[in-house]
Every structure is written in C-alpha cells, then in structure tokens.
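Before any comments, here is the structure.
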Amino acid sequence: MSLLKLAWINFKGSIRSWLMMIVSLSFSLMVMINIFNIIFSDMLSTTSEYTQKMVNSVMLAVIAILAIFLIFYIAYAITVFFRKQKKELGMYVFMGFSMQKIAALCLIEILMIGLTSLIIGLVGGLLFCKLFGMLIETLSGVPISSSFMISSEAMVYGCLMFWLIYLFFSFVKFIGICRSSVIDLLNANRTSERKAFRPIWMVFRAIFGIGFMGYGCYLAIRPSNNLFEQLVPIVLLICFGIYLLFSGFIPLVLSMLQKNKHFLYQEQRNLWINSLIFRMTQNYMTYTVTAILLISSLTALATGLALQQRKQKMDHAAALYPIQILSQSAVNQDFVDSLIHSVNPEAKITTILMKMIPTEYGGTELVLSLNGFERLLEISDNKNPLKDQPLDDTHYLDLEHLYLMSFRTEKSAEKITIADHSLDYMGKSDVPVLGSLALASGAVIVSDSVFDSMPEDSLRMSMEIVQNIDQAQANQIAQELAAYDPSLSIMLAQDKAGEMNFVSITYAISYFVFLVFVISACSILAIRIVADASEERGRIIILHKLGIDKSTLSKAAMKEVAIPYVLTFVLTTICSFFVIWCLNSTMNANLFHIQWIGLGAILAVLAIFCTGSIMSYQKNSGLLKIYKNI
C-alpha cells in the first residue's frame with residue numbers, strides 16, 4: 001500500500017477529530033481573503049481617495065495581526081497533531097517502516113488537513129464576499145460599491161500567506177520526526193504517567209496567581225494620568241495571573257474537593273475528578289492561551305466600538321456650528337456683526353470670552369467661565385453635566401479635547417492654580433459645546449468668580465458663534481472676514497464623516513477579528529481535549545468492565561470535558577470586566593453593553609465546540625464502542 005493511500009485512509013478516519021481545526025483555519029482564511037479584497041477590489045470606490053488610503057493602511061495592520069495570530073495557531077495545532085500521531089505510529093516501526101517513511105506519512109496527512117482548510121476557506125471567501133461587503137456597509141454605515149467582485153489578487157495573497165505559514169511548520173515537524181529515534185516513538189506510545197500532586201507548589205502558585213490577577217485588575221480600574229505607563233504591567237499581570245490560576249489555584253481547589261469524601265462520592269464524581277485534576281496540571285498552558293485569546297477578542301471588539309463612538313462625537317462637534325470666529329486681538333465687533341447680518345439678517349451671534357493659562361508642558365490651556373459654559377450648552381442643545389453637582393470656587397471641570405484615541409484618563413487629584421485659587425479636579429466632560437474648536441483644544445471650566453479674578457493682562461480669546469445660516473452663507477462670511485482681517489481664525493462646519501470613514505470600517509472589521517479569535521481559541525481548547533481522549537480509552541474500558549453503566553460513564557465524560565470550558569469562560573468574564581472598565585475610562589465611552597453581547601457570542605461558540613468535543617471524546621475514548629456492544 002502506498003504512503004499516499006495510507007495517509008488518505010488515516011485522514012478519512014480522523015477527520016472528525018480535526019474538524020474543529022479545519023473550521024477554524026478555513027474561517028480565518030476566509031476573513032483574511034475578504035480583508036485583502038478590501039485593499040485590491042473597488043469595494044470602496046464610492047469613498048474619497050483619503051478614505052481608501054487610510055482604510056488600506058488599517059487593513060494591512062489587521063492582516064499583520066491575523067498573520068501573527070495564524071503563525072502561533074498553526075504552530076500549536078500542528079504540534080498537537082504530530083504529538084498525537086507519535087503515540088499512534090509506534091506500530092509502523094514493527095511493520096518495517098523507516099523513520100523517513102513514518103515522517104512522510106504524517107506530513108502527507110497534515111498537508112491534507114491544510115489543503116482541505118485552504119479549499120474550504122477559498123470557496124467560502126468566494127461565496128460570501130458579497131455578504132461580507134453588505135455586513136461591512138451595515139455595521140460601518142459607509143457606502144460600498146454594489147458592483148465589486150472578489151479580486152484575484154486577494155485570493156492569491158490570502159492563500160499564499162496561509163499556505164506558506166502552514167508549509168513551514170509542517171516541514172519543521174517533519175524534520176523533527178525524521179531526526180527522532182525508534183525509542184522516541186515507542187515511548188511516546190505509552191500513556192503519560194500521572195505524576196504525584198505537590199500541594200505546596202500549588203499553594204504558592206494559587207497565592208501569587210490571585211495576587212497578580214488582583215493587582216492587575218486594580219491597576220486597570222485605578223484612576224491615572226497616563227494609562228500608557230501602566231498598560232504593559234496590566235497586561236503582564238493579568239496574563240501571568242491567569243497562567244498561575246490555571247496551573248495552581250484551580251488544581252488546588254479541585255484537589256481539596258477530591259479529598260472531601262462527602263463531595264467525592266456524590267453523583268459518581270470520583271469517576272472524573274482525578275482525570276480532570278491530571279488534565280489541569282498537564283494542559284494549563286492551553287487553557288491559559290484560550291482565556292487570553294478570548295479576552296483579546298473582547299478587547300478588539302470593544303476598542304473598535306470605542307473608536308466608532310469617538311468618531312461620532314468628533315463628527316457631531318465638527319458640524320455643530322456653521323461658522324466660528326476666533327480672535328486674540330481687539331477687532332471692530334460692530335463691523336463684524338454688521339457684516340454677518342448683511343449676509344443674513346436672521347443670523348444669531350453668540351460671543352464667548354475665554355482666557356488662557358500656561359501649562360507645565362510649555363503650551364496654553366483655555367479657561368471658560370461657568371456662565372459661558374452654560375450659554376454654550378444652551379445654544380448647542382446639550383445637557384448640563386453639572387446639574388447634579390454644582391461647580392464651586394474650589395473645583396474645576398475638564399472639558400475634554402476630542403481626539404480619536406488617547407491613553408490619558410482621570411487627572412486623579414491633580415490641582416491647578418488660577419489667580420491664586422487652588423482648584424481641585426472635579427471630573428471631565430466630553431459634551432461638544434466648543435464645536436470645531438474641541439477638535440483642536442479642550443478647556444478648563446471654572447466658576448464665574450474665579451474667572452473674573454484672573455489678571456487683566458491674561459491672554460484672552462473671543463469666540464463668536466454664528467447660527468441660523470446655511471453653509472453657503474457661512475462660506476461667504478468667511479471669505480469677507482478673511483479679506484477684512486487675515487489674523488482672524490475662522491472655523492467652518494466640517495463634514496468629518498467622510499474623512500474618518502476608515503474608523504467606521506475598522507469598527508466593522510473588529511467584529512470579524514473578534515470571531516476569528518473566538519473560533520480559534522475554542523478550537524485550541526477542543527483540539528487539546530480531543531487529543532487527550534485517546535489516552536482515556538484504557539480507563540474507560542476498565543471502568544466498564546467493573547460494572548459502571550454507559551449512562552454514568554457518559555455523564556462523567558461530559559463533566560470532564562465541559563468543566564474546562566466553563567472555567568475558561570468564567571475567567572474570561574471576570575478579566576474582561578476590568579479590561580472593559582479600563583477602556584471605558586481611557587476612551588470615555590460606554591462599552592459594557594458590547595461586553596455582554598461579546599460574552600453571549602463567546603458562550604454560544606463555546607457551547608457548540610463543547611458539544612463537538614464531547615462527541616469526539618466519546619468516539620476517541622471508546623465510549624461509542626461500548627454503546628454499540630450493549
């Protein structure tokens with residue numbers, strides 16, 4: 001029998017075991033092809049050249065992230081495959097196969113899995129490219145060309161990137177088997193020994209795991225001037241905390257439950273808890289990677305939504321007033337007003353006086369009186385953020401500078417001094433009362449008495465806001481004022497929506513990145529559980545011969561498989577809460593609703609993969625044969 005035919009027989013026999021890996025790889029490739037298609041097709045031909053350029057840059061960054069992710073995922077999946085095959089290929093040694101032939105047999109089989117994933121992903125990319133475009137348009141609100149087709153360049157680049165990564169790691173493992181000895185294969189064919197449980201090490205890991213996790217979560221919710229300085233410690237502490245919880249705390253708790261006789265002998269828990277503890281101590285790295293990927297998927301989704309919310313606020317601010325006239329020098333106010341009314345007698349003019357103070361960074365910051373702030377709230381039809389907490393002479397409100405992304409969060413007890421008044425930080429607000437000026441600068445809101453006490457020689461800025469005019473009239477006023485006094489700073493209402501469409505498309509793509517991470521994370525967990533199932537065959541047969549009925553064995557198997565999924569989801573939920581809290585503070589956004597939506601989607605995917613894992617576990621562990629023989 002040829003190697004190709006033998007590999008084909010093995011592939012058909014084990015395809016169910018690797019079905020979840022194939023689904024994950026195919027979906028990742030399908031998404032990557034469609035992202036490449038955004039770059040190479042005319043999907044965004046209805047948008048501006050600037051938007052297309054920015055979208056291409058963002059898509060290249062997303063492709064780089066997906067490529068890095070695929071490198072680690074494919075490396076892990078192929079490693080698990082060859083490790084499982086090592087335990088099954090010892091018999092080929094007794095059939096006279098050389099190490100090179102055994103390695104070639106494994107290589108052909110793993111390439112069949114890769115080729116199947118490639119074909120399914122390519123066909124899926126072709127079939128769902130229109131649906132992908134419709135979803136992008138629906139989620140982003142950016143018009144997509146209805147005539148676009150899948151680009152041949154997108155298919156070539158997507159498939160080539162996937163296949164090169166897959167081939168590289170396949171041949172790396174092929175070379176590793178070629179260099180292995182016969183003794184390695186025979187030893188690998190033995191079931192792993194269950195090493196003695198060392199409670200003292202588990203106790204230390206549990207204590208440090210809870211400590212690292214708790215401190216990382218505390219840093220995530222603690223107010224800070226600059227979150228960027230704390231970002232790396234937060235990520236490291238939470239990731240290492242998850243690692244220690246899976247490798248120490250959870251096995252320790254399960255071991256304590258195992259020693260509790262009242263717990264152990266209830267509902268036949270003794271049938272599965274020993275095996276579960278062993279798997280926890282062996283596979284904690286897999287569970288850690290799965291939890292971190294799920295948290296990363298929620299973070300990507302929440303970040304996309306936060307950017308979209310920031311964009312919408314910036315769009316609103318930029319289009320709030322038809323025209324704003326800023327001046328730091330004395331101007332003939334009567335002439336300016338008459339010029340505006342000559343264009344439109346019904347024009348409404350609001351004049352706001354602001355002052356400026358120097359900052360510690362060498363720049364200046366705008367100061368706005370409470371009265372001026374309330375007038376801006378009135379003409380912009382915004383709610384007063386100080387309604388429930390009035391501003392006094394000892395506090396100030398930070399009116400936020402609107403930009404797309406910042407690592408600056410709460411000012412945390414930061415004081416400023418204005419005209420000999422020491423003012424405490426009261427909070428921040430992102431109401432866009434400054435209009436287009438909010439895209440260039442923020443402001444400090446102080447009480448009227450503090451504002452009036454500022455020195456007469458303070459730098460001043462006068463802002464005139466003109467309303468009840470159309471954009472053509474605003475353009476005419478801007479031209480005449482620029483000719484009258486070139487020193488005037490004139491801000492016209494801007495349509496930022498077109499310029500920042502790339503943010504909306506990034507937000508839409510974040511949903512697909514979220515799904516790629518979730519499906520891949522769940523498949524990593526499923527691959528590991530299914531690979532371990534074959535080692536349970538002997539135990540299952542012995543238990544059956546001892547008289548344990550099929551229903552009891554089935555329930556024990558379900559619990560042994562489902563508990564790692566449940567624990568992973570619980571840790572993901574807890575950690576994601578603090579991560580989303582951190583993003584809420586950083587981006588001044590409302591993201592908790594997207595967290596619950598994301599967790600609901602994760603739970604649904606976990607349930608699907610858990611069901612598939614239970615079915616594969618029953619097959620690989622021999623439970624299905626027991627059912628057939630009964």
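The figures follow:
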| read-out | value |
| --- | --- |
| Wholly within the range 457-575, helices (runs of 4 or more DSSP H) carrying at least 2 residues that are open to solvent by less than 40 Å² (accessible area, probe 1.4 Å) and among the small types (Gly, Ala, Ser) | 471-484, 496-499, 501-533 |
| Residue check for LYS86: open to solvent by 70 Å² or more (accessible area, probe 1.4 Å) and modelled with pLDDT under 90 | no |
| Meets criteria (out of contact with any Lys or Arg (no Cβ under 9 Å at 6 or more places or on another chain) and within 17 Å of SER28 (Cα to Cα)) for MET134 | no |
| Out of SER585, SER616, sole residue that is within 25 Å of ASN274 (Cα to Cα) and surrounded by 14 or more Cβ atoms within 10 Å (Cβ to Cβ) | SER616 |
| Candidate set: the range 43-64, residues that are in a loop (DSSP other than H, G, I, E, B) and of a type in the set (A, V, I, L, M); chosen: the one nearest to ILE120 (Cα to Cα) | MET43 |
| Which listed residue, of VAL142, VAL93, VAL80, is modelled with pLDDT of 80 or more, more than 19 Å from LEU160 (Cα to Cα) and surrounded by 14 or more Cβ atoms within 10 Å (Cβ to Cβ) | VAL142 |
| Residue that is modelled with the highest pLDDT [pool: residues in the range 354-389 that are acidic (Asp, Glu), open to solvent by 80 Å² or more (accessible area, probe 1.4 Å) and not in a helix (DSSP H, G or I)] | ASP381 |
| Filtered residues of the range 438-461 (kept if in contact with a helix residue (DSSP H, G or I) (Cβ under 7 Å, 6 or more places away or on another chain) and of a type in the set (D, E, K, R)) | ASP448 |
| Search result, residues across the range 1-42 that are hydrophobic (A, V, I, L, M, F, W, C), more than 24 Å from MET161 (Cβ to Cβ) and not in a helix (DSSP H, G or I) | MET1, ILE15 |
| Looking only at the range 318-342, and only at residues there that are open to solvent by less than 30 Å² (accessible area, probe 1.4 Å) and either of a type in the set (Asp, Glu) or assigned to a helix (DSSP H, G or I) (or both), the one that is nearest to VAL466 (Cα to Cα) | ILE340 |
| Residue within the range 274-297 that is open to solvent by less than 20 Å² (accessible area, probe 1.4 Å), β-branched (Val, Ile, Thr) and touching a Pro at 6+ places or on another chain (Cβ under 7 Å) present | yes |
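The values are calculated or read from the model by the stated rules, or taken from the named source; none is laboratory data. No experiment lies behind these values; they were computed from the predicted model shown. Cβ coordinates were reconstructed from backbone atoms using ideal geometry, including for glycine residues, and neighbour counts include every protein chain displayed. Just the protein is used for accessible areas: all its heavy atoms, side chains included, with ligands, DNA and RNA removed. Shrake-Rupley method; radii C 1.70, N 1.55, O 1.52, S 1.80 Å.
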